[in-house]
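For reference, the structure discussed in these notes is given below.
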Amino acid sequence: MSKPPTEPAGVEVSTTAPFPWKGFLAVALIYLLSVSGRLGVVDQGIMFSQTRAFLEGRVSISGAGFDHYTPAGVGGLHYSQYGPLLPALWVPSTLIIRAVAGFLPGFPLKMMEEFAASFINVPASLGILAYLVQAWRRQGVPSSLMRLGMIGVGLSSLLWAYAKMPFSDPWMALGVFAAFCHWRRRSEATFHPLLAGAWLGVALLARKQAQMLIPLVGLAFAWEVRRGGWRDFLRVAAGALPFVALQGLYNFGRFGNPLVEIYFGVDPVPLFEVSRILPNFVRVFVDTQNGFIPFNLFVLLIAFLSLRGWVRRDPVGVVLSLVLLLASAAFLSRYSFWNGGLCFGSRYLVFMIPFLALALPQLPPLTPTLRAVLGGIVVLGVIVQFAGIAVDPLAVAWRNRYVDTQTHSTIRLYAGEVGRVLGWPQAPLPAEARETPYAVHPAFQVPDVWWAHVAVELRDRHRPHRAATAIPITESVR
């Protein structure tokens with residue numbers, strides 16, 4: 001069925017296949033069971049301190065234990081350098097936990113607050129998946145292919161790993177992608193471009209990184225209405241305006257100027273130092289610990305196999321995806337934290353997963369050989385993501401320090417850690433490691449999921465260490 005040339009790509013609706021609710025709910029259950037149940041790194045602690053400050057009517061988080069990791073601002077006090085979205089989203093769950101804390105004696109309030117907060121990215125990852133599946137339905141993708149795509153994207157890409165880890169990246173990814181999806185539906189109703197602007201605002205409040213992505217998305221929108229339809233573009237701006245104002249107020253409260261944002265410890269490499277930038281640019285894609293390619297093979301294969309048809313049907317979407325990917329890699333390569341710090345895979349590029357997966361409707365016919373290849377890639381991807389779900393990346397770093405000190409192989413390190421938390425036989429730890437957090441912290445001794453930590457907590461409630469609490473960590477992951 002052909003699309004009228006005056007309509008933007010993706011507008012024509014063909015929804016013969018029902019939404020795969022059973023598969024979607026199964027993925028949701030897996031996500032819920034995969035959450036860590038704790039806030040394990042400094043950045044998450046800083047953001048949650050902002051939640052507590054909001055509830056106390058403050059913006060400053062001075063005295064919360066993070067002054068060495070945060071910039072000074074108004075009044076010489078210290079402020080979180082991160083976006084206000086996650087701290088704001090954590091307010092309701094924190095209030096609920098405080099209301100019911102009296103009915104759960106024996107569990108520290110801080111532990112329960114952080115336990116509830118750790119589930120924050122489940123709705124973000126599911127939201128991305130829901131928007132993506134709906135985009136496939138609108139292009140007439142049959143049920144069997146839609147189920148394969150949902151499993152491949154939902155469980156064999158970093159979308160699963162970051163449903164577990166409470167970083168702000170999935171919310172920024174949801175904001176940018178949902179904005180794109182609503183923009184593509186702008187001819188159906190005037191509220192779609194308004195929602196597109198609102199979702200871009202969500203992305204802005206989630207992460208400073210969005211300030212680089214939103215102009216590129218805006219240029220793609222402007223290109224599509226260059227011969228008319230500017231009212232829709234203005235509606236996008238109107239939808240985003242309240243969120244821009246909120247960000248400005250947040251900046252003013254922190255640094256006395258709505259246009260000023262101080263980001264702690266950022267020193268970009270000068271543009272002319274190609275010898276430092278180019279290796280980082282390559283590592284953004286292929287690094288075995290934090291590269292984009294090894295952790296997202298399914299979506300990359302889909303995009304590659306579908307490229308010819310995808311370019312024919314939606315050249316603007318293809319160019320936008322390519323520009324977002326290359327521009328982000330070029331931007332990240334200028335910074336020492338190009339890899340996302342202490343994390344699993346390329347979290348800074350999680351937002352690219354749904355954009356690349358938009359190519360699925362243009363996939364060539366599923367021959368038995370192609371179906372076998374895609375199935376094998378899905379299985380491999382699930383195994384890779386399971387490693388990130390089962391263990392804490394910090395424990396892998398400790399293992400590299402004390403156990404596999406010579407290999408530095410990411411695959412071997414994660415495999416070793418998964419084996420350790422599953423109870424497989426291990427070589428004795430060296431003497432210098434036996435009293436370290438790697439050996440004694442409960443969160444490193446069992447699979448890093450909430451129900452395993454709860455089981456340990458219930459078993460050892462009177463011991464000084466708590467499974468669901470984070471140890472003091474000196475690494476900041478940006």
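The values are calculated or read from the model by the stated rules, or taken from the named source; none is laboratory data. Just so it is clear, the structure is predicted and the values come from calculations on it, not from any experiment. Note that we place each Cβ from the backbone using ideal geometry, even for glycine, and neighbour counts take in every protein chain shown. All accessible areas refer to the heavy atoms of the entire protein, side chains included, with ligands and DNA or RNA removed. Shrake-Rupley method; radii C 1.70, N 1.55, O 1.52, S 1.80 Å.
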Computed magnitude of the charge dipole of the range 382-439 (debye, nearest 20; Cβ of K, R +1, Cβ of D, E -1): 80 debye
Heavy-atom surface of the chain, accessible at 1.4 Å and reported per residue (Å²): 44 Å²
Quarter of the Cα convex hull surface for the range 321-376, i.e. its orientation-mean projected area (nm²): 5.2 nm²
Backbone N under 17 Å from the residue 56 label point (7 Å along Cα→Cβ), restricted to the range 81-110: 81, 87-88, 91, 94-95, 98, 109-110
Cα-Cα P(r), the range 356-428, percent of pairs per 10 Å interval: 17, 36, 20, 19, 8, 0
Cα centroid of the range 344-413 to Cα centroid of the range 428-460, whole Å: 25 Å
Two-decimal ratio, the range 28-185, of alpha-carbon radius of gyration to 2.2 N^0.38 Å: 1.21
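So what's the back-of-envelope 222 nm ellipticity for the chain, counting only DSSP H runs of four-plus at -39500 (n - 2.57) apiece and dividing by all residues, rounded to 500? Mind showing how you got there, number by number?
Values: 21 runs with 276 residues, N = 478.
After summing the helix terms and dividing by residue count, I get -18500 deg cm²/dmol.
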Normalised per residue, the volume of the convex hull around the Cα set of the range 174-256 (Å³): 79 Å³
Distance cut-off 35 Å, percentage of C-alpha pairs in the chain lying past it: 33 percent
Euclidean distance between Cα centres, the range 132-166 to the range 75-96, Å: 31 Å
Rg/Rh for the range 408-464, where both radii come from Cα atoms and Rh is the Kirkwood radius: 1.00
Full-stretch length increase - residue 22, residue 383 - with 0.36 nm per residue and alpha-carbon distance subtracted: 127.7 nm
³J(HN,Hα), Karplus 6.51/-1.76/1.60, whole Hz, each residue of the range 325-342, x for Gly, Pro: 5, 5, 5, 5, 4, 5, 5, 5, 5, 7, 10, 5, 9, 4, 8, x, x, 7
Percent carbon-and-sulfur accessible area, the chain, ignoring ligands, DNA and RNA, probe 1.4 Å: 68 percent
113, 261, 435, reordered so the largest accessible area comes first (probe 1.4 Å): 435, 261, 113
At R0 = 30 Å, FRET efficiency that the Cβ-Cβ distance of residue 322 and residue 409 yields, to 0.05: 0.45
DSSP-loop chymotrypsin sites (Phe, Trp or Tyr not before Pro) across the range 228-285, with at most 10 other Cβ within 10 angstrom: 263, 272
Per residue, the convex hull volume that the Cα atoms of the range 143-297 enclose (Å³): 175 Å³
Under the Karplus curve 6.51 cos²θ - 1.76 cosθ + 1.60, θ = phi - 60°, whole-Hz ³J(HN,Hα) for the range 361-367, x wherever Gly or Pro sits: x, 9, 5, x, x, 7, 6
Whole-Hz ³J(HN,Hα) from phi, Karplus 6.51 cos²θ - 1.76 cosθ + 1.60, for the range 153-163, glycine and proline x: 6, x, 10, 10, 10, 5, 4, 6, 4, 8, 6
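Looking at the square roots a ≥ b ≥ c of the eigenvalues of the Cα gyration tensor of the range 310-437, which shape do they give, rounded for a/c under 1.5, prolate if a/b is larger than b/c, or oblate?
Here the range 310-437 falls in the oblate category.
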